[in-house]
1. Here are 29, 4: which of them is modelled with pLDDT under 95 and either surrounded by fewer than 22 Cβ atoms within 10 Å (Cβ to Cβ) or touching a helix residue (DSSP H, G or I) at 6+ places or on another chain (Cβ under 7 Å) (or both)?
2. Tell me which of these residue 137 doesn't satisfy, since it passes every other one: (1) within 30 Å of residue 85 (Cα to Cα); (2) within 16 Å of the ligand (Cβ to nearest atom); (3) in a helix (DSSP H, G or I).
3. Could you tell me whether residue 181 is modelled with pLDDT of 95 or more, buried (at least 20 other Cβ atoms within 10 Å of the Cβ) and part of a loop (DSSP other than H, G, I, E, B)?
4. Just the residues that are closer than 12 Å to residue 90 by Cβ, in contact (Cβ under 8 Å) with a residue 40 or more places away in the chain and touching a strand residue (DSSP E or B) at 6+ places or on another chain (Cβ under 9 Å), please, taken from segment 102-129.
5. So which residues in segment 1-53 are in contact with a strand residue (DSSP E or B) (Cβ under 7 Å, 6 or more places away or on another chain), part of a loop (DSSP other than H, G, I, E, B) and without any contact (Cβ under 8 Å) to a residue 12 or more places away in the chain, if there are any at all?
6. Quick test for you: out of 89, 56, 113, pick the one residue that is under 24 Å from residue 148 (Cα atoms) and in a helix (DSSP H, G or I).
7. Looking at 240, 225, 263, 248, can you tell me which residue is over 24 Å from residue 91 (Cα atoms) and within 14 Å of the ligand (Cβ to nearest atom)?
8. Report yes if residue 244 is closer than 17 Å to residue 284 by Cα and at pLDDT 95 or above, otherwise no.
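The values are calculated or read from the model by the stated rules, or taken from the named source; none is laboratory data. Note that the coordinates shown come from a computational prediction; the quantities given were computed from them, not determined experimentally. Here the Cβ positions follow ideal geometry from the backbone for every residue, glycine too, while neighbour counts run over all protein chains shown.
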Ligand code: R5P
């Protein structure tokens with residue numbers, strides 16, 4: 001890569017950032033990230049960035065607000081040090097689920113995040129499997145939204161699962177599930193779920209034939225794992241044989257680890273956009289790395305080549 005391209009890592013996912021830099025055949029650039037004793041974040045870029053094309057890798061996962069603030073401060077430091085362009089590389093984009101007013105007197109939090117990021121002086125956002133596509137329109141700068149399917153489909157196909165049915169855990173995920181079903185040449189089923197309160201889900205009905213079939217539930221996010229583990233149980237109760245699941249982003253908050261370990265999953269597949277808590281391993285987990293995917297996208301952005309042609 002050209003000397004003027006620099007990749008910095010925030011503190012949210014240094015392993016993924018290193019994998020991205022490795023794909024680009026370069027090291028991570030030097031930055032010092034610390035906290036003051038009251039919790040304020042301190043950032044110091046430790047090399048010249050004048051005129052450089054900067055890529056800052058930071059997933060805004062837990063601790064969400066600290067990671068977001070750290071990203072903003074790194075961007076500000078790079079801008080004030082005369083970087084030519086700054087791209088926020090956000091493998092996981094936090095606050096994406098608050099993307100519209102679902103009731104009166106609530107914020108559109110992802111729009112707030114977009115406003116702040118844009119104001120910080122970035123030229124572009126590079127992310128993956130945004131919860132809602134319309135978030136791209138919350139920015140007036142380019143947003144490249146990669147697809148985790150580029151790594152996941154090959155893995156599913158390599159498992160050579162017979163009688164496979166792709167299942168959407170809710171009505172909102174039907175387009176995604178249909179896309180995967182087509183890619184892996186499988187049937188399609190839908191779980192009709194009613195959510196009574198945030199983070200509490202209730203499974204209702206299964207639309208489609210799952211009896212005696214091997215099912216893979218596909219979602220964008222597993223957070224508390226209430227949705228996906230409830231869906232897995234419903235599939236089993238309706239006669240499914242093996243049940244697997246794939247989600248791009250393993251947020252894993254609250255009781256997620258317990259729920260996933262108790263649920264009847266043959267395999268739990270997710271990517272490394274968010275680092276896993278090593279002290280709480282999951283049974284049957286399979287982590288797919290998106291480092292090469294992001295590395296390739298960064299290379300194409302820098303060289304002015306097509307990113308969408310990665311998807312075909
Ligand atoms: C919701 O619209 C998302 O696609 C996920 O289904 C949801 O965020 C999963 O949340 P949880 O794991 O807490 O049920």
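1. 4
2. Every listed condition holds for residue 137 apart from (2).
3. no
4. 117, 122, 124, 126, 128, 129
5. 36
6. Answer to the selection: 113.
7. 263
8. It is true that residue 244 is closer than 17 Å to residue 284 by Cα and at pLDDT 95 or above.
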